[in-house]
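Visitor: Quick one: structure below, then a few questions.
The values are calculated or read from the model by the stated rules, or taken from the named source; none is laboratory data. Values in this document were obtained by computation on a predicted structure and should not be read as measured data. Every residue, glycine among them, receives a Cβ derived from its backbone with ideal geometry; neighbour counts consider all protein chains shown. For the accessible areas, the whole protein counts, side chains as well, though only heavy atoms, and no ligand, DNA or RNA atoms are used. Shrake-Rupley method; radii C 1.70, N 1.55, O 1.52, S 1.80 Å.
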Amino acid sequence: MKKTIALADNCIDVYYKLDRYYLTGNSIDFALNYKDLGGDVTEMTILGNDVFALALEERLKERGIPLRVLKRADRPTGMATMDIVDGDKKHLRFEGNAMEEIALSPEDLEFIKGFDIVYSERWAKMGRYIARLKQPGQIWVYDFSKRLEQESNDELLPYLDYAFFSYEADNGYIRDFMKKTREKGAGCVVAMLGEAGSLAYDGSEFFKMNAETVPVVNTVGAGDSYIAAFTYGLSLGEDIPACMLRGKERATKIIQQFNPYF
């Protein structure tokens, strides 16, 4: 089984109106979904100075996910104030974030080199390291979310095997964007399109996966769970359509519940 590492963000989502919260963050949602699917995954992150950091340690331990702590920052865990409108997530405010202090030591970099698959997202700030970090044969998966046109994306793309973006429709803009992104060096570009399903481009053809119509409770975790399942398919050597189907099936289940993982 291929060894996967997820880095690096963690936070909490708080729904004051509903009196509910959960531990989350792109890499946390990825790791918990990936592990639940049967994958071998390690989490690498910074921990804050509050009870939520302790809770995260315990949650990962319960799920059998090894944790490499980059730093224990004297800052609170990042907290997003959330709301749900017709099942769709709404970010109202974000405050307090230990992740702002993230940096990787030489030992951390060597640790990452030992994994077959690396999942990352913006809080890991991998632009500083990726050129000297990626190993031959190592698969890099990166979630850009809705940040399609940021100039800083270009320093990462030549090193990525799978670049994921979030958008809302299958149209000329996104297909043109995916082609341009592929030309910048990404191996395969995947657009997660919500109700419009998902779209992948490998440089020669587009692959389309339609979404399933189901009752939606909360859209938080839809993208993270899709990427986790897609990546799990990669770990098994599956092709792009098979990985897309895994992503669709996982995300379809996640949006029918409140939390972004099981």
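Visitor: Choose one answer from I46, I227, I65: the residue with the largest mean-square fluctuation in a GNM of the chain with alpha-carbon springs under 10 Å.
Guide: I65
Visitor: May I have the pair-distance distribution P(r) for the chain, computed from all Cα-Cα distances with 5 Å bins from 0 and rounded to whole percent?
Guide: 1, 6, 14, 18, 20, 18, 13, 7, 2, 0
Visitor: Taking 8 Å as the Cα distance limit and 6 or more residues as the minimum spacing, I'd like the relative contact order of the chain as a percentage.
Guide: 17
Visitor: Add +1 for every Lys or Arg and -1 for every Asp or Glu among the other residues with Cβ under 9 Å from the Cβ of Y226, and state the total.
Guide: After counting each charged neighbour, the total is +2.
Visitor: Could I ask something else about it? Rank these residues by their accessible area, most exposed first, probe 1.4 Å: T231, T219, T213.
Guide: Most to least solvent-accessible, the answer reads T213, T219, T231.
Visitor: Also, quick follow-up: Using alpha-carbon pairs under 8 Å, 6+ residues apart, how would you state the relative contact order of region 40-119 in percent?
Guide: Contact order relative to length: 28 percent.
Visitor: Find how many whole Å separate the alpha carbon centroid of region 99-125 from the alpha carbon centroid of region 247-262.
Guide: 26
Visitor: To continue, here is another question. Convex hull over the Cα atoms of region 145-196, averaged projected area in nm²?
Guide: 3.2
Visitor: State in Å² the accessible area per residue of the chain; use a 1.4 Å probe, count heavy atoms of protein chains only, and round to the nearest integer.
Guide: 45
Visitor: How much of the accessible area of region 180-262, probe 1.4 Å, is carbon plus sulfur, in whole percent?
Guide: Its accessible area is 49 percent carbon and sulfur atoms.
Visitor: Taking the Cα atoms of region 179-262, what is the range of coordinates along each of the three principal axes, in descending order and whole Å?
Guide: Largest to smallest, the principal-axis extents are 38, 26, 18 Å.
Visitor: What ranking do 89-96, 76-83 get when scored by the average of other Cβ atoms within 10 Å per residue, highest first?
Guide: Taking the mean over residues of other Cβ atoms within 10 Å, the ranking is 76-83, 89-96.
Visitor: H91 to F111: FRET efficiency via 1/(1 + (r/R0)^6), r the Cβ-Cβ distance, R0 51 Å, to the nearest 0.05?
Guide: Step by step, r from the Cβ atoms, then E = 0.95.
Visitor: Among 25-31, 114-120, 149-155, how do they line up by average Cβ neighbours within 10 Å per residue, starting with the highest?
Guide: Highest mean packing first, the order is 25-31, 114-120, 149-155.
Visitor: Let me ask something else. So, in region 170-262, how many Lys pairs have Cα atoms under 22 Å apart, if the pair is 8 or more places apart or on different chains?
Guide: Lysine pairs meeting the criterion: 5.
Visitor: Order these peptides, 47-55, 9-17, by their mean beta-carbon neighbour count within 10 angstrom, highest first.
Guide: Top of the packing list down: 9-17, 47-55.
Visitor: Right, here's the next one. Give the Cα extents of region 75-191 along the principal axes, in whole Å, largest first.
Guide: Sorted largest first, the three principal extents are 45, 43, 24 Å.
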